[in-house]
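Below is one structure; the comments refer to it alone.
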Amino acid sequence: MPKLGSGELTVLDDVRDLARHTAAWLVETIAQAGDHAIAICLSGGTTPRALYALLAQAQYATALPWPRIHWFWGDERFVPPSDERNNASMARHLLLNGAPIPCENIHPIPTMSATPALAADEYEHELKDFYGGDRIASERPLFDVTFLGVGDDGHTASLFRGSPLLEERSRWVAAVPEHKPEPRITLTYPALASSRNVVFLVAGAAKRPVLAKIAQRGCDLPAARVRPVGKLHWFVDRAAAPSASP
Ligand code: 6PG
C-alpha cells in the first residue's frame, strides 16, 4: 500500500471518484465496527461536499445504521447556523437533514454562545458527556471515523501553523478567537487523534504542493502531525497526489 507520511495513500481519479471510494469505505468500515454507538467526526471546507451529497442518495439509505450514528465536527467557524460558512449547516443541508437520524445524535459545535471560548468549553463538555469520561483511553477511542481536510498552508481542522494549540495536550476543544475573517472553534490533537480511523480527503491541483511537503519525512505542518490511535488514511485525487504516487 503506497504511503503518505505515516498514513496509507489511495489515489482516486477525481473528486467524484474520491467521494464514491470514501462512501464505500465508510459503509464497509461501519459494518465492521460492531453494534456500539458509532461516532463520526465531520470536516468542513469544500472537499467533503461531494461525499456528503453522495451519502444522501437513496442507494445509501440502508447501507449505514443511521439511527446508531452520532455526528460531530472537527472544527467550526464561529458564525450563526444561518451563515453559509457554518460547517454543521453545510452537512445538515447536504446530508443529515434527509437521513433517519435522531436529532439528539447530531452534535454541532455551538456558535450562538456568548464567546468562542464558551463555545469551546460547551463542546468539550458535550464530547466528554458522550464519551462517558474526561480522560481519553487509547484503547477506547472517542471516534470511529474522523474526516479531515488540508488547507494550502497545511492546516487541518482549525489548527494553524504557529498556533500554541499545536502543543495542547489536555484540552479537547479550543477557541481560535484571532482567526480572520471569523473566529474558529477546533478540536485539538488529543481529540482528533482519538479515532479508530482518521481519513484525510484532499482534492485539486492546488493541494499538490502541500501534500508533497507532508510526504517528506519530518514534516511538521499541522496536518502532518495528526497521529491517530487507529489507522491514518489519505484519500487523494490524482490532481493533488504527490507526483511519485501511482
Ligand atoms: C474548514 C475546515 C478546514 C478545511 C481545509 C480544506 O472549516 O474550512 O475544517 O480545515 O478542511 O481548509 O478545505 P477545502 O476542502 O475547502 O480545501
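Run lengths n ≥ 4 of DSSP H only: what is the helix-derived mean residue ellipticity at 222 nm for the chain, with -39500 (n - 2.57) per run over all residues, to the nearest 500? Present the calculation step by step, with values, prior to reporting the outcome.
Details: 6 runs with 59 residues, N = 246.
Helix-only estimate at 222 nm: -7000 deg cm²/dmol.
What are the ³J(HN,Hα) values, in whole Hz, obtained from phi via the Karplus relation 6.51 cos²θ - 1.76 cosθ + 1.60 with θ = phi - 60°, for each residue of the range 172-180 in sequence order, with x given for Gly and Pro?
Listing the rounded values in order: 8, 9, 9, 8, 10, x, 7, 5, 10 Hz.
If you scale each eigenvalue of the Cα gyration tensor by 5 and take the root, what three semi-axes come out for the range 68-139, rounded to whole angstrom and sorted largest first? Provide the component values of the computation, followed by the final result.
Working: eigenvalues 89, 65, 16 Å².
Working from the Cα gyration tensor, I get semi-axes of 21, 18, 9 Å.
Return the FRET efficiency for the residue pair R171, D220: r is the Cβ-Cβ distance, R0 is 22 Å, and the value is rounded to the nearest 0.05. Please report the intermediate quantities before stating the final value.
Values: r = 20 Å, r/R0 = 0.93.
That gives a FRET efficiency of 0.60.
Give me the distance between the Cα centres of the range 122-188 and the range 9-63, rounded to whole Å.
Result: 21 Å between the Cα centres.
Name the longest site-free stretch of the chain, where the excluded sites are trypsin sites (Lys or Arg not before Pro) in a DSSP loop with no more than 10 other beta-carbon atoms within 10 Å. The partial results should precede the final answer.
Details: sites that count: R135, R169, R217.
It works out to 1-134.
Determine the shape class of the range 12-144: with a ≥ b ≥ c the square roots of the Cα gyration tensor eigenvalues, call it rounded for a/c under 1.5, and otherwise prolate if a/b is greater than b/c, oblate otherwise.
Details: a/c = 1.83, a/b = 1.22, b/c = 1.51.
Here the range 12-144 falls in the oblate category.
From the Cα gyration tensor of the range 9-52, with a ≥ b ≥ c the square roots of its eigenvalues, which class applies: rounded if a/c is under 1.5, or else prolate if a/b is larger than b/c, or else oblate? Numbers along the way, then the final one.
Numbers: a/c = 2.88, a/b = 1.57, b/c = 1.83.
Oblate shape, in that a/c is at least 1.5 and b/c is the bigger or equal ratio.
Check cross-link reach from K207 to the aspartates and glutamates: straight Cα distance under 18 Å, and skip same-chain residues fewer than eight apart.
Answer for K207, where 18 Å is the Cα cut-off: E8, D13, D14, D17, D152, D153, D220, D237, listed by chain and number.
What are the principal axis extents of the Cα atoms in the range 150-246, in Å, biggest first?
If we take the Cα atoms of the range 150-246, the spans are 39, 32, 21 Å.
Which FRET efficiency value, to the nearest 0.05, do you get for R20 and D152 by plugging their Cβ-Cβ distance into 1/(1 + (r/R0)^6) with R0 = 22 Å? Intermediate results must be reported in sequence, preceding the final value.
Values: r = 25 Å, r/R0 = 1.13.
Given R0 = 22 Å and the Cβ-Cβ separation, E is 0.30.
Give the share of C-alpha pairs in each 10 angstrom bin for the range 77-203, from 0 to the last occupied bin, in whole percents, shortest bins first.
P(r) over the range 77-203, rounded to whole percents: 12, 42, 40, 7, 0.
Taking the Cα-to-Cβ direction at K213 and at D35 and moving 7 Å from each Cα, how far apart do the two end points lie in nm?
Rounded to a tenth, the inter-label distance reads 4.8 nm.
How large is log10 of I(q)/I(0) for the chain at q = 0.08, 0.14 Å⁻¹ when the intensity is taken from the Debye formula with one equal scatterer per alpha-carbon?
-0.27, -0.90
Every number here is computed from the coordinates shown, using simple stated rules; none is lab data. Everything numeric in this text was worked out from a predicted model, so none of it was measured. All Cβ positions, glycine included, derive from the backbone under ideal geometry; neighbour counts span all protein chains shown.
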